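> First the structure, then my questions, so here it is.
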2 protein chains.
Amino acid sequence: MRYLDEQAIENIAVGAAFLGTGGGGDPYIGKMMALSAIKEHGPVQLLSTDEIDADDFFIPAAMMGAPSVLVEKFPKGDEFVRVFQKLGRYLGKEVKGTFPMEAGGVNSMIPIVVAAQLGLPLIDCDGMGRAFPELQMVTFHLNGISSTPMAITDEKGNIGIMETIDNQWTERLARVATVEMGASSLVSIYPCTGSELQTASVQNIVTLSEKIGKIIRSNEQDDTDKLADLLTVTNGHHLFSGKIVDVERGTTGGFNRGCVTIDGLGEMADEQVQVFFQNENLIAKKNGQPIALTPDLICLVDLETLNPVTTEGLKYGKRVRVLALPCDPQWRTAKGLETVGPRYFGYDLDYVPVEELAQKEAR
Amino acid sequence: MRYLDEQAIENIAVGAAFLGTGGGGDPYIGKMMALSAIKEHGPVQLLSTDEIDADDFFIPAAMMGAPSVLVEKFPKGDEFVRVFQKLGRYLGKEVKGTFPMEAGGVNSMIPIVVAAQLGLPLIDCDGMGRAFPELQMVTFHLNGISSTPMAITDEKGNIGIMETIDNQWTERLARVATVEMGASSLVSIYPCTGSELQTASVQNIVTLSEKIGKIIRSNEQDDTDKLADLLTVTNGHHLFSGKIVDVERGTTGGFNRGCVTIDGLGEMADEQVQVFFQNENLIAKKNGQPIALTPDLICLVDLETLNPVTTEGLKYGKRVRVLALPCDPQWRTAKGLETVGPRYFGYDLDYVPVEELAQKEAR
């Protein structure tokens, strides 16, 4: 058990945006919300899943929809607690804490806001170990946990409860509501017991985000050492560095979809990388050949500062590095790949772990 | 107080389909559902709004979406009670009866099924005195009553609760859910106290439907007398008789939309009527000039039998009469016309009451 203070939040916001693989929201917006909440209500208690009672109840709170919209539609501030408390009351159970659904600049911060406002602990786990665009794309789903009852709200005050026959129907019905609400909404979903968090979540993700953020934000190291540290702490691979020469994107079906093209710099000058995304980065190809594939994490960072670049921050001329990290082992199972592998997203590619692709590349 | 038996249901189904002005569902399907329910559970008690307690709670149950879909997607039978009980439990109040939202072959029958299955009375009122395609198009809305909390379900078992900031948002969010659920859903909406039913509903609509159905189904009168009786009991106008020569239609946004063209017969042989619909008939024009306008009721019936013809039953060659009835006076107020007048539906026409249009036509 420890408390998250301002420094911790600054680090978590950056590290979570890195693990958000382009999605999960803008870390600046997320950070401002969380800092404002702990300024008003005091630091937030962080518990590991070992420190919670197996029979207690926990609910996450998260943003759903196109992250780019949140930049324009800044939250009022009451919608996180509203959606969280709505689900709690509907379940009729005392809720003992909250946790993030996914890593991301905004989605790692929303539970901190809820925890601060309600004086509840934050649990050090999430449902992805990264970010993914759809509601059934969580390790809870892989473990047979129902996404519902869930609550959904918007910044205007509309609110709903859903109970569905399966998690794909939750995604379908929540998605159309989200689109109608203006392409973004707030959800509380996958209510879990402590025991379910202990067995079905991705553990210690808040702590990992904090470590990553601390490395990226450090002024004490030179850039080369920072990069080496970042790769060590994440088991990551440095795939490419270059300059963005093209960004195609659109907001369709409540998602940001598109592709960024990066021309190599220095010894990679003749090479080109393309990264395809749906809110999150899904596929990276070098000269047309896959070099990293969902569910492994494809993270774009600033060439020098290593600050994470979200999909809405992609722009012509920006110099970036492409890093890739192995995903949580749960995603590499048959059900994991069926849920979030390349074919689910419409790519006719077999999943190959990033470390194998990197080895092949090195030969 | 009286009981609705098989004969009453047969009559109500036909009369309500007539008042459904093309929408509200197929009376054969509706009738079969209600007959089967009273066969199993016994006759249903019908109470006028004078016979209910002002402080008691009442909830309707209705189908939402494109009526044509219900013909293919026959209900399982448990979804009406499920949506009704869900809302009752959510409200945490004992529900003392049910009522139809609108007149229609199916939507007048669903509350009878619920009443029979749960042993509750049916209240002799509805929210329209006809059928309309959208959720805010009810006299309850005109009287400032909230449509929510509402419940929505589908035949698969997905279920939701919504609370919205206004009735237009209920329509928007329930509509996208309905479309995603396969273009039809079941809703329980506008929970009302007895006092609200006494002041804000359209009264005695079940009894009126029964009277209309009895005339149409009678074998004791010739067709001319039946027509005269039908016009007397409804204050109706006979506008046209002819043969359907064209039907344009499509299912868009969860609605059946289209236009039917009717060429005149006999002394009307040189004339042509077009009726435009969105689930319900909205505008009738003769030789390009309006002869009846929403919110007045435009009812197509079989030329001889006077059986109501729903929009999904329109077909080339069918011989029909076009009748028009004055709507409930609540619809002729400023707020009524703003909610369901021609301009709301996109027609650049001022509303003129059907009796004035008929007088002009007669001159």
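The values are calculated or read from the model by the stated rules, or taken from the named source; none is laboratory data. In this text the structure is predicted, and so the values were computed from the model without any measurement. Here Cβ is always computed from backbone atoms with ideal geometry, including for glycine, and neighbour counts include all displayed protein chains.
> Please specify each residue of region B:18-32 satisfying the condition of being within 14 Å of the chain's Cα centre (by Cα) and either assigned to a helix (DSSP H, G or I) or at pLDDT 90 or above (or both). Before the answer, list the steps.
Of region B:18-32, the ones within 14 Å of the chain's Cα centre (by Cα) are B:18-27, B:30.
Correct list: B:PHE18, B:LEU19, B:GLY20, B:THR21, B:GLY22, B:PRO27, B:GLY30.
> Okay, moving on. Could you list all residues from region B:306-327 that are touching a helix residue (DSSP H, G or I) at 6+ places or on another chain (Cβ under 7 Å) and either assigned to a loop (DSSP other than H, G, I, E, B) or surrounded by fewer than 17 Cβ atoms within 10 Å (Cβ to Cβ) (or both)?
B:LEU306, B:ASN307, B:THR310, B:PRO326
Residues are listed down the side, and each one gets a yes or a no for (1) surrounded by fewer than 20 Cβ atoms within 10 Å (Cβ to Cβ); (2) outside the structural domain of B:PHE277 (by TED's automatic domain parsing); (3) within 28 Å of B:VAL354 (Cβ to Cβ):
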| residue | (1), (2), (3) |
| --- | --- |
| B:TRP169 | no, yes, no |
| B:SER188 | no, yes, no |
| B:GLU196 | yes, yes, no |
| B:LYS214 | yes, yes, yes |
| B:SER218 | yes, yes, yes |
| B:PHE240 | no, no, yes |
| B:ASN256 | no, no, yes |
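> In addition: Against the definition (within 20 Å of the chain's Cα centre (by Cα), under 25 Å from A:VAL233 (Cβ atoms) and part of a loop (DSSP other than H, G, I, E, B)), how does A:PRO342 come out, yes or no?
Working: within 20 Å of the chain's Cα centre (by Cα): yes; under 25 Å from A:VAL233 (Cβ atoms): no; part of a loop (DSSP other than H, G, I, E, B): yes.
Considered against the rule, which asks whether it is within 20 Å of the chain's Cα centre (by Cα), under 25 Å from A:VAL233 (Cβ atoms) and part of a loop (DSSP other than H, G, I, E, B), A:PRO342 comes out as no.
> Which pairs do you get when a residue that is farther than 19 Å from B:GLN274 by Cβ, found in region B:317-345, comes within reach of a residue that is of a type in the set (D, E, K, R) and surrounded by fewer than 18 Cβ atoms within 10 Å (Cβ to Cβ), reach meaning Cβ atoms under 7 angstrom, with the pair 6+ apart or on two chains?
Sorted first by the residue in region B:317-345, then by its partner, the pairs are B:PRO326/B:GLU355; B:TYR344/B:GLU338.
> May I pose another question? Of the residues B:ASP26, B:ASP56, B:ASP5, B:ASP50, which single one is in contact (Cβ under 8 Å) with a residue 12 or more places away in the chain, under 23 Å from B:PHE132 (Cα atoms) and touching a helix residue (DSSP H, G or I) at 6+ places or on another chain (Cβ under 9 Å)?
Numbers: B:ASP56 fails: under 23 Å from B:PHE132 (Cα atoms); B:ASP5 fails: under 23 Å from B:PHE132 (Cα atoms); B:ASP50 fails: under 23 Å from B:PHE132 (Cα atoms).
Being in contact (Cβ under 8 Å) with a residue 12 or more places away in the chain, under 23 Å from B:PHE132 (Cα atoms) and touching a helix residue (DSSP H, G or I) at 6+ places or on another chain (Cβ under 9 Å) holds for just one of B:ASP26, B:ASP56, B:ASP5, B:ASP50, which is B:ASP26.
> Do you know which residues across region A:137-159 are more than 23 Å from A:PHE57 (Cβ to Cβ), at the interface with chain B (Cβ under 10 Å from one of its Cβ atoms) and either surrounded by 24 or more Cβ atoms within 10 Å (Cβ to Cβ) or under 22 Å from the mean Cα position of the chain (by Cα) (or both)?
Across region A:137-159, the qualifying residue is only A:ASP154.
> Looking only at region A:73-118, count every residue that is more than 23 Å from A:ALA13 (Cα to Cα) and charged (D, E, K, R) and tell me the total. Full working, then the answer.
In the first step, residues of region A:73-118 are kept if they are more than 23 Å from A:ALA13 (Cα to Cα); the result is A:85-96.
With the extra rule that they be charged (D, E, K, R), the set shrinks to A:86, A:89, A:93-94, A:96.
So the count comes out to 5.
> For region B:322-339, give me each residue that is under 24 Å from B:VAL245 (Cβ atoms) and either of a type in the set (Ser, Thr, Tyr) or more than 19 Å from the chain's Cα centre (by Cα) (or both).
Taking region B:322-339 first, the residues under 24 Å from B:VAL245 (Cβ atoms) are B:322-324.
Answer for region B:322-339, where residues must be under 24 Å from B:VAL245 (Cβ atoms) and either of a type in the set (Ser, Thr, Tyr) or more than 19 Å from the chain's Cα centre (by Cα) (or both): there is none.
> Turning to a different aspect of this structure: Show me the helices (runs of 4 or more DSSP H) found entirely inside region A:160-263 where at least 3 residues are within 14 Å of chain B (Cβ to nearest Cβ).
Details: elements: A:167-180, A:194-200, A:205-217, A:223-234.
In region A:160-263, the matching helices (runs of 4 or more DSSP H) lie at A:167-180.
> Have a look at B:GLY119, B:GLY88, B:GLY92 and point out the one that is small (Gly, Ala, Ser), surrounded by fewer than 24 Cβ atoms within 10 Å (Cβ to Cβ) and within 14 Å of chain A (Cβ to nearest Cβ).
The unique qualifying residue is B:GLY92.
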